[in-house]
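Structure, as structure tokens:
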Amino acid sequence: MVAPKYWRVVLKLSGEALAGSLGYGIDPDVVNNIAVQIKEVMEHRVQLAIVVGGGNIWRGVAGSAKGMDRATADYMGMLATVINSLALQDALEKQGVDTRTQTAIEMREVAEPYIRRRAIRHMEKGRVVIFAGGTGNPYFSTDTTAALRAAEIEAQVILMAKRVDGVYDSDPLKNPNARKFQELTFIEMLNRGLGVMDATAASLCMDNKIPVIVFDLTEEGNIKKAVFGEKIGTYIGGEFNGR
């Protein structure tokens, strides 16, 4: 049997992805579909951690743009990620997947505090760990959270799940002639202003040699394909992967 290419993985889910066609809030069918895909991956003894965004409920940058104090707006965004994380945890446990949610902002009644060594131990025991609450600090995106946590737990890759099948030179939903990239370096991504992740997250990935695979979450089975190293989406690394 073919073994997974990556055995310790951080899966980055955007909050918008959880909203599905609703455009806002949490679509239970979408969350359940994600849980089914994750269960399939966990059957191969992959160690998996998840970082979830909160944009389906609240975006700190948007609140700040309308006059709200930036730090306050960002803390609200962190709380939105906790709501999403608990919804995903519930869906995973209904699929029989042992899951722990750890938050950067302490709230012991609903989740564990983030402790690096405990998170690694959970994964070694076959549990999915969901990192909620961002980094616990304002002014940092959940992309940066994914990069930071991936470095801390020594993950081999970040799987960045989107609603498009990779990285394009322009918006494929608006430009039918948009060109998809099979591979990119982080420097090229930043120089082109492609907006896959912010510069802080990209810098953390470059410094710690953690590649990122951007792929389409809406196609069933793609999480497993990415974990097994199949050529899907766009590979972003310090150098080309030769795919």
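The values are calculated or read from the model by the stated rules, or taken from the named source; none is laboratory data. These figures come from a predicted structure and were not determined experimentally. Glycine also receives a Cβ, built like all others from the backbone with ideal geometry; neighbour counts cover every protein chain displayed.
Could you go through the range 63-75 and let me know if any residue there is closer than 20 Å to Arg163 by Cα, out of contact with any His (no Cβ under 6 Å at 6 or more places or on another chain) and of a type in the set (A, V, I, L, M, F, W, C). Scanning the range 63-75, I find no residue that is closer than 20 Å to Arg163 by Cα, out of contact with any His (no Cβ under 6 Å at 6 or more places or on another chain) and of a type in the set (A, V, I, L, M, F, W, C), so the answer is no.
Yes/no per residue for (1) within 23 Å of Val31 (Cα to Cα); (2) free of Cβ contacts under 8 Å to residues at least 24 places away in the same chain:
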{"residue": "Phe140", "(1), (2)": "no, no"}
{"residue": "Ala146", "(1), (2)": "yes, no"}
{"residue": "Ala151", "(1), (2)": "no, no"}
{"residue": "Glu154", "(1), (2)": "no, no"}
{"residue": "Lys162", "(1), (2)": "yes, no"}
{"residue": "Val167", "(1), (2)": "no, no"}
{"residue": "Ser170", "(1), (2)": "no, yes"}
{"residue": "Leu173", "(1), (2)": "no, yes"}
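Across the range 19-54, the qualifying residues are those that are buried (at least 16 other Cβ atoms within 10 Å of the Cβ) and over 24 Å from Glu230 (Cα atoms), and the one among them that is modelled with the lowest pLDDT is Gly20.
One residue stands out in the range 106-125 among those that are free of Cβ contacts under 8 Å to residues at least 40 places away in the same chain and assigned to a helix (DSSP H, G or I): the one that is surrounded by the fewest Cβ atoms within 10 Å (Cβ to Cβ), namely Arg117. Say whether the condition of being among the aromatic types (Phe, Trp, Tyr) and under 19 Å from Gly55 (Cα atoms) is met by at least one residue in the range 110-127. The answer is no, given that none of the residues of the range 110-127 is among the aromatic types (Phe, Trp, Tyr) and under 19 Å from Gly55 (Cα atoms).
Looking only at the range 1-18, filter to residues that are among the β-branched types (Val, Ile, Thr) and modelled with pLDDT of 95 or more; which one of those is surrounded by the most Cβ atoms within 10 Å (Cβ to Cβ)? Looking at the filtered set, the residue picked out is Val10.
Using the structure shown, decide if Met78 is modelled with pLDDT under 90 and hydrophobic (A, V, I, L, M, F, W, C). Judged against the criteria, Met78 is not a match.
Candidates are the residues of the range 50-82 that are under 22 Å from the mean Cα position of the chain (by Cα) and of a type in the set (Ser, Thr, Tyr); the one that is nearest to Gly126 (Cα to Cα) is Thr81. Residue count for the range 154-179 satisfying the condition of being over 23 Å from Leu48 (Cα atoms) and of a type outside the set (A, V, I, L, M, F, W, C): 10. Within the range 199-224, residues that are in contact (Cβ under 8 Å) with a residue 12 or more places away in the chain reach partners that are of a type in the set (Phe, Trp, Tyr) and in a loop (DSSP other than H, G, I, E, B) with beta carbons closer than 8 Å, at six or more positions or on different chains, in the pairs Thr200/Phe140.
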